[in-house]
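Right, one structure below, let's go through it.
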Amino acid sequence: MTKIIACFIALALSQNVFCQSGQGYQTPPEEIASLVDAPQTPAVSFSSSGEWMLLMERPGYKSIDELSQPELRLAGLRVNPRTNGASRSSGYNGLKAVRISSGEDLVITGLPKDPKIQSVQWSPNGQRVAFAHQKTTGLELWVLDLTTGKAEKLTEPVLNQALRGSSFQWMADNKTIIYKATMDGRGDAPAKPLTPKGPVVQETTGKKAPVRTYQDLLQNSYDEELFEYYTTSRLFTIDIESKKKVKFGDPGIISQISPSPDGNYVFLTYIERPFSYIVPYYRFPQKNMIVDKTGKLVRTVAEIPLAESIPKGFGAVRTGPRSFGWRNDKPAELYWIEALDGGDPSVKAEARDQLFSLAAPFSRDKKEGITFKLRYSGVMWGSDNLAISYERWWSTRQQIVSSFRPNDPGSKKVLFDMSYEDRYNNPGRFQTTTNAYGENVLLTDDNGKSLYLIGTGASPEGNRPFLRKFDIRSKQTTELFRSQAPYYEYPIRVLNAKKGLLVTRRESKDDPPNYFVRSIRKDNLTALTKFPHPYETLKEVKKQVVKYTRKDGVELKGDLYLPVGYKKEDGPLPVLMWAYPSEFKSANAASQVEGSPYEFIRLGWYSPLYFITRGYAIFDDPSMPVVGEGDKEPNDTFRQQLVMNAEAAIDKLVEMGIADRNRCAIGGHSYGAFMTANLLAHSDLFAAGIARSGAYNRTLTPFGFQAEERTYWEAPEVYYTMSPFMHADKINEPMLMIHGEADNNSGTFPIQSERMFAAMKGMGGQARLVMLPHESHGYRARESILHMLWEMDQLLEKYVKNVKKETATIDTEVHKE
């Protein structure tokens with residue numbers, strides 16, 4: 001029916017539109033299709049104790065049949081009513097375990113046939129793994145015991161995983177799991193009434209309440225009933241040894257289950273009415289409470305009202321307590337954050353946030369902790385003598401990392417004060433170990449005077465990950481390990497600091513990522529995995545990091561891939577450039593090098609690298625910085641900077657003898673699609689463009705988008721100037737638009753592509769619009785991905801590779817402004 005309506009509308013708009021509703025899914029050439037079907041490399045997880053490595057085998061892409069299952073879109077959620085779980089969840093089809101100390105594989109028995117595994121979660125002591133198993137009728141709770149290698153089912157398909165996050169948690173005793181179950185005897189879901197109860201009415205309060213363009217919101221009272229039906233849960237505990245189940249606490253819409261480290265208490269968050277039609281469920285009213293291990297109420301910590309009126313800006317937060325958690329280093333001490341500036345980034349304040357805490361038995365008043373000059377962004381606990389706090393501020397890109405003693409609010413000392421855009425000087429992330437509760441706490445040495453840092457190690461030569469020891473008093477670092485060419489080796493976790501043992505993930509241009517135990521002292525490696533090269537046809541493809549400079553002096557770079565066997569004497573190649581813009585507050589930060597020349601090729605549905613096999617040079621992720629220094633905002637000159645970036649990239653590839661200037665295509669996904677349409681509208685640099693899941697009319701996102709904080713009414717000229725929809729008459733190159741019919745990303749409603757197509761059609765432009773059934777912002781079905789690649793191949797072959805020279809001459813001057 002949708003396709004019929006789409007054709008009718010298209011024909012009504014113009015007799016020149018050809019609607020291919022019966023075309024069916026197409027398949028690209030075999031050299032591309034075979035790469036799509038290449039086996040997936042397993043995901044890897046490590047036990048908290050560092051004893052075990054779990055390999056989680058990933059299936060190939062879903063079928064369109066799997067993606068076409070029933071789906072409800074409620075309050076920002078997408079729910080499969082058959083399973084009472086997330087409708088678009090990904091999972092694993094097998095588990096393997098390796099003992100890190102010996103490298104031996106564990107024989108696992110008892111796994112379900114054709115498993116669909118989700119929400120893998122380690123027990124605190126790292127000896128067991130709990131997971132959800134999806135059946136057609138629901139989700140079961142399972143457990144894998146690594147001491148025996150035996151997996152067994154704990155429940156029938158009753159898990160309620162409609163809300164985001166896990167539907168179960170381990171208790172501290174390592175043998176009890178608390179989980180959310182659908183309500184017994186709840187009956188059938190509410191039936192949609194044939195006759196409405198009345199109109200849907202919304203009313204403003206007269207106060208400013210800017211809200212971003214959220215998707216999948218509640219729309220009427222029937223949606224409210226469905227939301228309540230599918231999200232309401234009853235809590236149970238289950239002893240995995242005796243299999244005894246016990247009801248726990250009160251039923252309700254439970255969004256958070258968090259047992260205390262000692263297992264004597266559980267922190268719960270309940271979602272309450274009134275619901276909203278303009279914000280997702282996580283901004284609905286909340287009741288936050290602590291219960292004991294039998295489910296009896298100990299204390300209601302906070303009742304938080306509906307948050308429809310959060311101030312605008314990226315530093316804006318809701319008022320009242322937020323970001324609840326247990327101190328990992330204490331048996332049972334809850335902490336949270338409260339805004340001191342009303343949650344409004346436009347308010348001048350000496351301190352933005354404050355830390356508060358409440359310790360068992362929770363009978364006293366809350367305890368005041370440190371304050372934050374900027375907006376709180378995280379805390380890492382170590383002991384009563386040491387914790388680490390993180391805070392940052394969007395508009396200045398400032399980040400402050402400090403140490404403090406949790407019981408002394410005046411003890412805070414700044415360790416790093418920096419721009420988080422400055423990748424070269426990023427100190428890395430402090431490392432953790434597990435304590436007696438199985439919780440992560442700061443990894444210290446020298447009687448608590450030193451910490452350990454793992455970082456990406458950005459540098460002018462590319463990323464060189466590191467492990468460093470950090471002296472808290474002197475703030476000096478000692479480098480213990482640094483990745484060396486020709487490898488890219490990233491430290492994953494420190495196994496034994498005193499012995500200098502760590503797990504790393506190592507790869508090169510020719511070797512796929514694999515996991516190793518590295519001895520820093522002995523400078524040797526012991527392999528934990530031996531994943532094979534997944535792409536035989538790309539084995540000889542080499543990656544080259546190309547550096548160049550745009551005309552205002554900002555330094556840029558991109559990753560160049562050439563077809564196997566290509567020689568410069570073969571002549572210039574057609575080029576596919578695939579990019580995504582990024583905003584910066586300093587030209588210096590924009591000029592910094594990202595990535596590594598020694599990383600292995602990675603393919604996904606999102607990648608342009610498939611087209612190496614079709615004879616194209618691929619210029620992947622060329623820098624597209626948009627800089628606004630000082631009081632200037634990056635988007636004030638968005639168009640001009642995009643064109644400068646693209647000009648510099650093409651000029652460099654032509655100078656190298658790689659690119660045929662007349663046969664270059666530009667493409668991107670999401671904000672990269674927005675970039676693509678702008679480059680076609682405001683330059684004649686490209687022969688064609690590919691825009692996937694983009695937004696083209698910024699007036700449809702009037703309360704901000706991407707990195708833009710200003711509203712349409714504050715900066716109407718910026719919104720107009722940046723919107724390629726407003727300049728559709730200037731696009732005189734073919735543009736392929738692809739969009740998921742069920743896109744749920746904020747701002748990229750499918751109507752964005754539909755209206756852009758209509759605009760180009762109305763102005764005589766050359767456009768093709770492909771709407772992928774059931775697909776969201778990222779594409780999941782094998783049929784959709786193959787068809788997407790077929791569409792891209794058709795465009796590139798016709799308008800880029802094989803374009804006639806007399807029609808391909810491109811004026812490199814930017815004359816469309």
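The values are calculated or read from the model by the stated rules, or taken from the named source; none is laboratory data. Keep in mind the model is a prediction, meaning the values are calculated, not measured. Methodologically, a virtual Cβ is constructed for each residue, glycine included, from the backbone with ideal geometry; neighbour enumeration extends over all protein chains shown. For the accessible areas, the whole protein counts, side chains as well, though only heavy atoms, and no ligand, DNA or RNA atoms are used. Shrake-Rupley method; radii C 1.70, N 1.55, O 1.52, S 1.80 Å.
Things worth noting here:
- Any pair with Cβ under 7 angstrom, 6 or more apart, that starts in the stretch 523-543 at a residue that is touching a residue at least 40 places away in the same chain (Cβ under 8 Å) and ends at one that is acidic (D, E): T537/E31; K543/D559
- Subset of the stretch 321-351 [basic (K, R) and in contact with a Pro (Cβ under 8 Å, 6 or more places away or on another chain)]: R327, K330
- Any hit, the stretch 546-555, residues being of a type in the set (F, W, Y), modelled with pLDDT of 95 or more and over 27 Å from V36 (Cα atoms): yes
- Output for the stretch 287-308, where each listed residue is open to solvent by 30 Å² or more (accessible area, probe 1.4 Å) and either of a type in the set (S, T, N, Q) or assigned to a loop (DSSP other than H, G, I, E, B) (or both): K293, T294, K296, T300, P305, L306, E308
- Only one of the numbered conditions (1) on the phi > 0 side of the Ramachandran plot; (2) not in a loop (DSSP other than H, G, I, E, B) is not met by G630, and that is (2).
- When residues of the stretch 336-352 are limited to those that are in contact with a Phe, Trp or Tyr (Cβ under 7 Å, 6 or more places away or on another chain) and open to solvent by 20 Å² or more (accessible area, probe 1.4 Å), the one farthest from Q169 (Cα to Cα): A351
- Every condition in (1) among the charged types (D, E, K, R); (2) open to solvent by less than 40 Å² (accessible area, probe 1.4 Å); (3) out of contact with any Lys or Arg (no Cβ under 9 Å at 6 or more places or on another chain) is met by E333 except one, and the failing one is (3).
- Each residue in the stretch 478-498 was checked for being over 25 Å from the mean Cα position of the chain (by Cα), at pLDDT 95 or above and over 13 Å from Q431 (Cβ atoms), and 8 pass.
- For T137: the one exception among (1) open to solvent by 50 Å² or more (accessible area, probe 1.4 Å); (2) within 26 Å of V98 (Cβ to Cβ): (2)
- Single condition L144 does not satisfy, out of (1) more than 26 Å from F46 (Cβ to Cβ); (2) open to solvent by less than 10 Å² (accessible area, probe 1.4 Å); (3) of a type outside the set (D, E, K, R): (1)
- Filtered by the rule that a residue be in contact with a Phe, Trp or Tyr (Cβ under 6 Å, 6 or more places away or on another chain) and either under 18 Å from Y452 (Cβ atoms) or among the aromatic types (F, W, Y) (or both), the stretch 390-415 gives W394, V401.
- The residues of the stretch 202-237 that are under 21 Å from D743 (Cβ atoms) and free of Cβ contacts under 8 Å to residues at least 60 places away in the same chain amount to a single one, Q219.
- Where helices (runs of 4 or more DSSP H) fall wholly inside the stretch 636-726, the ranges with 2 or more residues that are closer than 24 Å to D743 by Cα are 671-682, 716-722.
- For the stretch 559-577, a residue qualifies if it is out of contact with any Leu (no Cβ under 9 Å at 6 or more places or on another chain) and buried (at least 17 other Cβ atoms within 10 Å of the Cβ), and exactly one does: D559.
- Taken as a whole, the structure places G76 among residues that are in contact (Cβ under 8 Å) with a residue 24 or more places away in the chain, out of contact with any strand residue (DSSP E or B) (no Cβ under 9 Å at 6 or more places or on another chain) and at positive phi.
- Leading residue by the ranking (farthest from M771 (Cα to Cα)) among those in the stretch 707-754 that are modelled with pLDDT under 95 and touching a Pro at 6+ places or on another chain (Cβ under 8 Å): T711
- Near pairs, Cβ below 7 angstrom, 6+ apart or cross-chain, from the stretch 394-405 (more than 14 Å from R352 (Cα to Cα) and small (G, A, S)) to any residue that is assigned to a loop (DSSP other than H, G, I, E, B) and at pLDDT 95 or above: S403/I472
- Residues satisfying the stated conditions in the stretch 32-63, i.e. of a type in the set (V, I, T) and open to solvent by less than 30 Å² (accessible area, probe 1.4 Å): I32, V36
- Residues within the stretch 504-525 that are out of contact with any Ser or Thr (no Cβ under 6 Å at 6 or more places or on another chain), at pLDDT 95 or above and more than 19 Å from Y598 (Cβ to Cβ), tallied: 2
- Of all the numbered requirements in (1) more than 25 Å from the chain's Cα centre (by Cα); (2) open to solvent by 30 Å² or more (accessible area, probe 1.4 Å); (3) in contact (Cβ under 8 Å) with a residue 40 or more places away in the chain, E599 misses one, and that requirement is (1).
- Where a residue in the stretch 498-516 is touching a residue at least 12 places away in the same chain (Cβ under 8 Å) and its partner, wherever it lies, is part of a loop (DSSP other than H, G, I, E, B) and acidic (D, E), with Cβ under 7 Å and at least six apart: E507/E599
- When residues of the stretch 365-399 are limited to those that are among the charged types (D, E, K, R) and in a loop (DSSP other than H, G, I, E, B), the one least open to solvent (accessible area, probe 1.4 Å): R397
- Annotation note: of G668, G615, G628, G657, the sole residue that is under 20 Å from Q592 (Cα atoms) and out of contact with any His (no Cβ under 6 Å at 6 or more places or on another chain) is G628.
- Some residue of the stretch 309-324 being of a type in the set (A, V, I, L, M), part of a strand (DSSP E or B) and surrounded by 19 or more Cβ atoms within 10 Å (Cβ to Cβ): no
- Considering residues of the stretch 504-538 that are aliphatic (A, V, I, L, M) and outside any strand (DSSP E or B) only, the residue least open to solvent (accessible area, probe 1.4 Å): L538
- When restricted to residues that are of a type in the set (S, T, N, Q) and open to solvent by less than 70 Å² (accessible area, probe 1.4 Å), the stretch 202-256 contains 10.
- Strands (runs of 3 or more DSSP E) contained entirely in the stretch 402-503, each with at least 1 residues that are more than 18 Å from Y515 (Cα to Cα) and basic (K, R): 408-419, 466-471
- The numbered conditions (1) touching a residue at least 24 places away in the same chain (Cβ under 8 Å); (2) crowded, with 17+ Cβ neighbours inside 10 Å; (3) under 17 Å from T231 (Cα atoms); (4) of a type outside the set (D, E) are all true for S89 except (2).
- Filter pass, F638 being out of contact with any Phe, Trp or Tyr (no Cβ under 9 Å at 6 or more places or on another chain), open to solvent by less than 30 Å² (accessible area, probe 1.4 Å), of a type in the set (F, W, Y) and touching a residue at least 24 places away in the same chain (Cβ under 8 Å): yes
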